[in-house]
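A short worksheet on the structure shown next.
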Amino acid sequence: MPPAPHFQRLEHEGRRFTLELWANAGAGSVLFYPGTMLSPSQYRPLMRALHDAGLAVAGLHLEGHGVNPHKGGFTFASLLEDGLHAERWLHAAGAGPVAVCGHSQGGILATAHAGRSRTLTAAFAICTILPQMTEAITLTRFARFAGERDRIESGIARLGRVLPWLPVTVNCYLSVRRVLAGHGEISMARRGSRLSYPLGFLASLFTTRVSPLLHCPFRLYNAKDDALFTPELARAVFREIRAPEKSLVWLPSGGHMAPMAPRQAAFIARDAAAVCAGLGMPLRLDAAGA
């Protein structure tokens, strides 16, 4: 069994967030961004699997998420800045080299991180998109208004400025049926997950622009039966990404929630660890107890 994780509080530009650290002395680290309204607590199978594969793991309990007070005031840009600060902290703490990984909304953050940082070994996204892509609206309940995207985007931005605190539940803008389709057997604790997002954050997410030019090797994982980030969407995103190396790996099943399922999590972790090792990142399998 891996040792219990410990928690490191960090502060950056007046914002407080937390790293959940699964230590593995001598190994490189994977910095993990969770998905919409979630925290590393909901990704225990993947966190354990990455550790068992020989990596140290640093899960982001982002500002307003997880073990932190569930307040508002954060934006996509501020969450990304905190992730970049966490990478710098890991390097300073001797926990490098560092790779970044994220799922869904966290995959978008991981992709944006790889476009900003020049010190990452690799970037792994389990589903991602560039929010400025025309296809991004197909993820939302507004898909049938794709021809009016600019008007919808500007309307959300205006509302976000007027009512930034207004709580918006996930089923107001995403189809929970599509999120959960094909998920198979997962055991996900709900403790620490958010129940809503402030409208100001959603406005920042819908209007952000993420560079397709990444500074490290990139690997995209996508389930063939993901009803939200469909295979067609994954291929479109993959075509847009420019990186020193890039690859697209298909998971045969698991739907959008694949990284929460032990079997799929183990595959992703072992594959990512092999990529990291090939890029010179040290692994410690004995310390991980594998």
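The values are calculated or read from the model by the stated rules, or taken from the named source; none is laboratory data. Here the structure is a predicted model, which means the values were calculated and not measured. Every residue, glycine among them, receives a Cβ derived from its backbone with ideal geometry; neighbour counts consider all protein chains shown. The area values use the complete protein model at the heavy-atom level, side chains included, leaving out ligands, DNA and RNA. Shrake-Rupley method; radii C 1.70, N 1.55, O 1.52, S 1.80 Å.
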_I'd like the carbon and sulfur percentage of the solvent accessible area for the chain, probe radius 1.4 Å, heavy atoms only, ligands and nucleic acids excluded._
56 percent
_Loop only by DSSP, 13 or fewer other Cβ within 10 Å of the Cβ. Give me the trypsin sites (Lys or Arg not before Pro) in the range 170-221 that pass, ordered by residue number._
190, 191, 209
*In Å², what does the accessible area per residue of the chain work out to with a 1.4 Å probe?*
42 Å²
*Restricting the range 237-267 to chymotrypsin sites (Phe, Trp or Tyr not before Pro) in coil, as DSSP defines it, with at most 14 other Cβ within 10 Å*: none
*Within the range 34-134, list the trypsin sites (Lys or Arg not before Pro) lying in a DSSP loop whose Cβ has at most 11 other Cβ atoms in a 10 Å radius.*
71, 118
_If exposed means no more than 14 neighbouring beta carbons inside 10 Å and the site is in a DSSP loop, what's the longest run of the chain without any exposed GluC sites (Glu not before Pro)?_
14-184
*Roughly what angle does helix 76-92 make with the longest principal axis of the chain, taking Cα atoms, 0 to 90 degrees, to the nearest 10?*
10 degrees
*About its Cα centre, how strong a charge dipole does the chain have in debye, to the nearest 20, once Lys and Arg get +1 and Asp and Glu get -1 at the Cβ?*
420 debye
*How big is Rg to Rh over the chain, alpha-carbon atoms, Rh as the Kirkwood inverse-mean-distance radius?*
0.94
_Exposure of residue 257 as accessible area (Å², to 10), given a probe of 1.4 Å and all protein chains_ = 10 Å²
_I'd like the Kirkwood hydrodynamic radius of the range 82-138, using the inverse of the mean 1/r over distinct C-alpha pairs, in Å._
11.8 Å
_Running a GNM on the chain with Cα contacts under 10 Å, which residue among 112, 236, 266 ends up with the highest mean-square fluctuation?_
236
*Could you pull the Cα extents of the range 73-181 along its three principal axes, largest to smallest, in whole Å?*
48, 33, 23
*So what does the Cα-only Debye profile of the range 19-73 read at q = 0.16, 0.21 Å⁻¹, as log10 I(q)/I(0), no solvent term?*
-0.46, -0.71
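What net charge do the residues around residue 213 carry, taking every other residue with its C-beta under 15 Å from that of residue 213, with Lys and Arg at +1 and Asp and Glu at -1?
My count for the surroundings of residue 213 gives +4.
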